[in-house]
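Read through the structure below, which is laid out as structure tokens, and then see the notes.
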Amino acid sequence: MAALNTNVINFKDRLTGKIVGFLNVFFAVSASIFATIFYAFFGTATDVEHQDLGGFMFLFAICFGVVDMLCMIFLRVYNAQVPSSSANIENLLSREEDPNQRESTPLIINKLTPLPIKQLLTNGDYCLFSLTFAFASSIGLVLGNNLTVISKSMHLDCYNARLVLIIPITSAITSLSIGIISDYFKKKVPRLTILISGYCGYIVCLVICLIHADKLAALYIATTIAGIGNGINWSISPTIMKEMFYVGNLGRNWGIAILGAALFGCLSQVIFGALYDAKITENGDTYCYGMQCFRVGFATSLVIACLSVILGVFLKCKHIKPQNSAETSCKYSSLTE
């Protein structure tokens with residue numbers, strides 16, 4: 001959060017996609033690095049009883065201390081790009097006076113003025129976007145966290161060391177490329193359209209899991225698509241949040257959205273685990289084996305993925321730019337009133 005908020009403010013608007021995407025590369029790659037370290041020095045993928053989880057957590061504790069010190073030394077707002085409210089209103093009014101500028105630039109007053117937290121939490125666009133993000137992010141979270149459980153149930157756990165690397169690596173590659181692409185084609189391809197395409201990828205991923213999760217090739221393909229979805233989601237969503245609402249409140253706005261996503265992700269994890277445990281009870285075994293262990297869980301996640309696409313499309317349709325200036329002027333008047 002500190003890295004995202006500070007860097008988005010430090011760099012110009014035209015670089016936002018690249019900056020967020022580049023930051024997300026580090027977030028994604030770190031998972032594959034620590035997964036490799038774990039399997040190399042703290043235990044194998046198959047010998048669960050002799051894995052040194054305590055030592056691995058101690059390594060994390062040391063890393064967190066080092067990173068905290070680096071942040072205190074180097075993390076600063078060096079080039080604040082946050083305009084004042086009065087300047088924002090003057091800029092908005094100047095756009096209204098210029099027909100050409102008005103035609104090419106959609107007027108979203110939320111982007112230009114800070115919103116108190118009460119107004120923010122009752123703002124339809126904010127709630128809708130945050131809910132869409134929460135639904136979508138839970139898909140990647142549940143699949144990634146339960147990947148080794150799924151592989152064990154399908155007797156594919158000997159491939160865990162490879163499987164756990166696919167999502168972070170594909171997410172990193174996607175994050176860097178999609179940040180550059182979304183900035184370059186911003187006027188032709190809206191970021192929300194790119195985001196919805198990533199959510200559609202989650203649907204494809206879950207359909208594959210629902211039908212062929214017991215096949216190694218299918219798991220490779222599904223996790224690759226999930227990694228692409230994660231890269232798009234976590235690179236584009238903060239950028240859209242910054243562009244829809246006042247950048248000076250990005251830390252608060254994005255933080256609340258992540259809190260909602262975390263709570264919904266926790267609920268999704270509990271549901272997915274409960275459905276798995278129910279199958280164990282039926283079999284009377286320590287573990288559940290076979291496709292039947294996860295079919296209902298995958299189907300539930302598929303419904304959530306479809307909801308995220310539907311909400312994303314609804315939000316996009318809600319903000320389609322009016323075709324004539326009279327409609328735009330009316331929209332601006334209603335917003336200011």
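The values are calculated or read from the model by the stated rules, or taken from the named source; none is laboratory data. Everything numeric here is computed off the predicted structure, so don't read it as measured data. Every residue, glycine among them, receives a Cβ derived from its backbone with ideal geometry; neighbour counts consider all protein chains shown. Just the protein is used for accessible areas: all its heavy atoms, side chains included, with ligands, DNA and RNA removed. Shrake-Rupley method; radii C 1.70, N 1.55, O 1.52, S 1.80 Å.
Annotations
- Among residues of region 182-207 that are under 21 Å from residue 314 (Cα atoms) and free of Cβ contacts under 8 Å to residues at least 40 places away in the same chain, those with a beta-carbon under 7 Å from a residue that is open to solvent by less than 60 Å² (accessible area, probe 1.4 Å) and part of a helix (DSSP H, G or I) at least six positions away or on a different chain give the pairs 201/225; 201/229; 204/225.
- Number of the exception - residue 230 against (1) of a type in the set (S, T, N, Q); (2) surrounded by 24 or more Cβ atoms within 10 Å (Cβ to Cβ); (3) over 15 Å from residue 143 (Cα atoms): (3)
- Some residue of region 246-255 being among the polar types (S, T, N, Q), at pLDDT 90 or above and assigned to a helix (DSSP H, G or I): yes
- Flag not set for residue 274, criterion: open to solvent by less than 20 Å² (accessible area, probe 1.4 Å) and modelled with pLDDT under 95.
- One residue alone among 175, 130 is closer than 30 Å to residue 274 by Cα, within 13 Å of the chain's Cα centre (by Cα) and crowded, with 20+ Cβ neighbours inside 10 Å, and that residue is 130.
- Taking helices (runs of 4 or more DSSP H) as the structural unit, those lying wholly within region 1-103 and holding at least 2 residues that are modelled with pLDDT of 80 or more, small (Gly, Ala, Ser) and under 25 Å from residue 171 (Cα atoms) correspond to 16-37.
- Positions within region 159-218 being within 20 Å of residue 31 (Cβ to Cβ), among the β-branched types (Val, Ile, Thr) and out of contact with any Phe, Trp or Tyr (no Cβ under 7 Å at 6 or more places or on another chain), in sequence order: 164, 167, 169, 170, 173, 174, 178
- Here the condition is being of a type outside the set (S, T, N, Q) and open to solvent by less than 50 Å² (accessible area, probe 1.4 Å); of 205, 200, it holds for 205 alone.
- Those residues of region 16-43 which are touching a residue at least 24 places away in the same chain (Cβ under 8 Å) and over 23 Å from the mean Cα position of the chain (by Cα), in sequence order: 36, 39
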